[in-house]
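All remarks here apply to the structure that follows.
Here, each number is a calculation from the coordinates, and none is a lab measurement. Being a predicted model, the structure only gives us computed values, none of them experimental. We place every Cβ from the backbone using ideal geometry, glycine too, and count neighbours over all the protein chains shown.
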Amino acid sequence: MKNSNQILILLTGTVNVNNKHFTVLADYEQRKKNYLDTIQFYLAHYHFPIVFVENSGEDLSMYFTEAIQNKRIEILFFDGNNYPAEIGKGLGEMKCIEFAINNSTFITSENFIFKITGRYKIANFPSFINMVLTHPSVELIADLTNNFRFSSAAIFGFKAFFAKKYLFKNRDLINDSRGFYFEHALAKAVLEAIGDQVDFHIFKYYPKIEAISGTTGKPYKKSFLYLLPRRFKYWLRYLIVIR
């Protein structure tokens, strides 16, 4: 069966975190290096178009001149991080996605967009790609947890209409200091979309993230003993939900 979804990678970034709450990894040069390394990783390993959007006004296009000329990547940046620090980084994430959807020349209604946090290398990303290739009608892939009240933002997949119709309207609810994170806004949007019978698939695979957590400042765990039970849990949950 031919797949009508055209996969696109959307990487979100904030080089200058501007003292946002719940952000331990705040060093400007370290964050910048992380973004440059991760962008190079996706350029080197995947042929899909890439959009990188940065919300603190940092233009990284000078580092990717050839890739830009070859239409491999689109670099977007805007001044969208000047809001009260106590609201936290989640609002900045929402602003990144909104800016990309509204301003990218790459993104179309046909794209299946994998939003990935811009410092994160998803080592098992091919498994997520395969979910789209083997389910041509899929419109939304997300990792609902915590009794469906939370959905991981490290990676999720969607068609542009999902963001416009369901996600963006939750923007003003995000306030990390009040315990409502981007992940809660995403879960709320996902549940509403499911209720409207949007073609949804829960994660079949546990994301293997290679990065330093911006929230904790610690590397994501990736030992075999740590990952094995989580991989089994995700596989079993998928079989139960998608059957």
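List of remarks:
- Residues whose amide H lies under 5 Å from that of Leu140, counting only those 5 or more places away or on a different chain, are His201; hydrogens are built 1.01 Å from N in the peptide plane.
- When peptides 157-166, 181-190 are ranked by their average number of other Cβ atoms within 10 Å per residue, the highest-first order is 181-190, 157-166.
- Residue (of Thr145, Leu43, Phe168) at the positive-pole extreme of the chain, dipole from beta-carbon charges: Thr145
- Normalising by residue count, the range 34-134 has a Cα convex hull of 117 Å³ per residue.
- Structure-derived Cα extents along the principal axes in Å: which label, when the choices are [x] 57, 34, 29; [y] 47, 39, 32; [z] 46, 43, 39: [z]
- Electrostatic dipole magnitude of the range 6-241 [Cβ: Lys, Arg +1; Asp, Glu -1; Cα centre; debye, to 20]: 840
- Of Lys33/Lys89; Lys71/Lys222; Lys165/Lys222, pairs whose Cα-Cα distance is over 31 Å: Lys71/Lys222; Lys165/Lys222
- Candidates Thr38, Thr145, Thr12: whichever shows maximal mean-square fluctuation once the chain is modelled as a Gaussian network with Cα springs under 10 Å: Thr145
- Ranked packing of 80-91, 51-62, most packed first, by mean Cβ within 10 Å: 51-62, 80-91
- If R0 is taken as 45 Å, the Cβ-Cβ distance between Tyr63 and Glu192 corresponds to a FRET efficiency of 0.70.
- Taking the charge dipole of the range 8-163 about its Cα centre, with +1 at Lys and Arg Cβ atoms and -1 at Asp and Glu Cβ atoms, the residue from Gly57, Asn16, Asn34 reaching farthest to the positive side is Asn34.
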